[in-house]
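Chemist: Just dropping this structure here.
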Amino acid sequence: MSEKAMKLTRVRIENFRSIKSLEFGFPESGFLVLVGANNAGKSNIIRAVNHVLGSEWWSQDRLETHDFYARKEQNRISILLTFDTGETIGFKWQAERGEYRGFVNYGSGKDYSLTNEFKAKCPCTYLGADRTFDRQMSFYDWTLMGKIRKTFHQRCTPLASQLRAKFNEIVTGV
């Protein structure tokens with residue numbers, strides 16, 4: 001039985017690069033087009049989503065001055081992504097730890113550490129303005145093709161015995 005895909009429904013970004021505060025929801029179609037002038041912040045929206053969902057783990061030691069709104073580190077970055085399942089994942093300052101961390105909230109109001117297993121439920125691939133599509137076509141786990149391969153394998157594994165039986169039926173003609 002395949003797991004229902006999670007659908008991103010809402011994005012909230014604060015103090016990230018050129019974005020002071022932004023919140024928007026996705027239309028029912030799930031299809032969203034970002035239109036704006038050069039340097040309007042479209043790529044920063046995509047970067048923010050990728051920092052949370054992408055294959056690399058974004059951490060405090062990876063933050064640079066230009067990642068903070070107005071290049072001021074006291075402007076605390078917060079990236080929150082909400083899904084149709086009610087779950088929210090994100091990256092924000094966690095005062096009790098004194099650091100930025102990725103988290104997941106299952107709708108209970110309590111934040112938990114973001115895990116590889118959770119990130120695998122909502123894979124993201126960022127193809128930047130440099131258009132390095134050839135890099136994404138390799139089959140390493142973190143690439144677009146690697147994620148397609150892994151998802152295909154995960155979804156077909158429960159059907160393996162049925163596929164083998166159908167294959168044998170076709171080959172033997174029985």
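Chemist: Condition first: surrounded by 15 or more Cβ atoms within 10 Å (Cβ to Cβ), within 16 Å of the chain's Cα centre (by Cα) and either aliphatic (A, V, I, L, M) or part of a loop (DSSP other than H, G, I, E, B) (or both). Now tell me which residues in region 18-61 satisfy that.
Modeler: Within region 18-61, F26, I45, I46, A48, V49, V52, L53, G54, S55, W58 qualify.
Chemist: Within region 25-73, which residues are among the charged types (D, E, K, R) and either touching a Lys or Arg at 6+ places or on another chain (Cβ under 6 Å) or farther than 26 Å from D84 by Cα (or both)? Spell out how you get there, then give the answer.
Modeler: Going residue by residue through region 25-73, those that are among the charged types (D, E, K, R) are 28, 42, 47, 56, 61-62, 64, 67, 71-73.
Of everything in region 25-73, those that are among the charged types (D, E, K, R) and either touching a Lys or Arg at 6+ places or on another chain (Cβ under 6 Å) or farther than 26 Å from D84 by Cα (or both) turn out to be D61, R62, E64, D67, R71, K72, E73.
Chemist: Given the criteria farther than 25 Å from K150 by Cβ and among the hydrophobic types (A, V, I, L, M, F, W, C), does L80 qualify?
Modeler: Criteria met by L80.
Chemist: Among the residues of region 62-81, what is the count of those that are basic (K, R) and assigned to a helix (DSSP H, G or I)?
Modeler: So the count comes out to 2.
Chemist: Would you call G86 in contact with a Phe, Trp or Tyr (Cβ under 8 Å, 6 or more places away or on another chain), assigned to a loop (DSSP other than H, G, I, E, B) and of a type outside the set (A, V, I, L, M, F, W, C)?
Modeler: Against the criterion (in contact with a Phe, Trp or Tyr (Cβ under 8 Å, 6 or more places away or on another chain), assigned to a loop (DSSP other than H, G, I, E, B) and of a type outside the set (A, V, I, L, M, F, W, C)), G86 qualifies.
Chemist: Taking only pairs six or more apart or across chains, which ones have beta-carbon atoms under 8 Å, a first residue in region 89-106 that is assigned by TED's automatic domain parsing to the domain that holds I13 and surrounded by fewer than 16 Cβ atoms within 10 Å (Cβ to Cβ), and a second residue that is outside any strand (DSSP E or B) and modelled with pLDDT of 90 or more?
Modeler: W93/R76; W93/I77; Y106/G86; Y106/E87
Chemist: Next up: Being in the same structural domain as N116 (by TED's automatic domain parsing) and touching a Phe, Trp or Tyr at 6+ places or on another chain (Cβ under 8 Å) narrows it down to one of S29, S18, so name that one.
Modeler: When all the criteria are applied, what remains is S18.
Chemist: Give me a count of the residues in region 70-115 that are out of contact with any strand residue (DSSP E or B) (no Cβ under 6 Å at 6 or more places or on another chain), closer than 19 Å to T9 by Cα and of a type outside the set (F, W, Y).
Modeler: Total satisfying the criteria: 6.
The values are calculated or read from the model by the stated rules, or taken from the named source; none is laboratory data. Note that the structure is a prediction, hence the values are computed from the model and not measured. Positions of Cβ are backbone-derived with ideal geometry, glycine not excepted, and every protein chain shown enters the neighbour counts.
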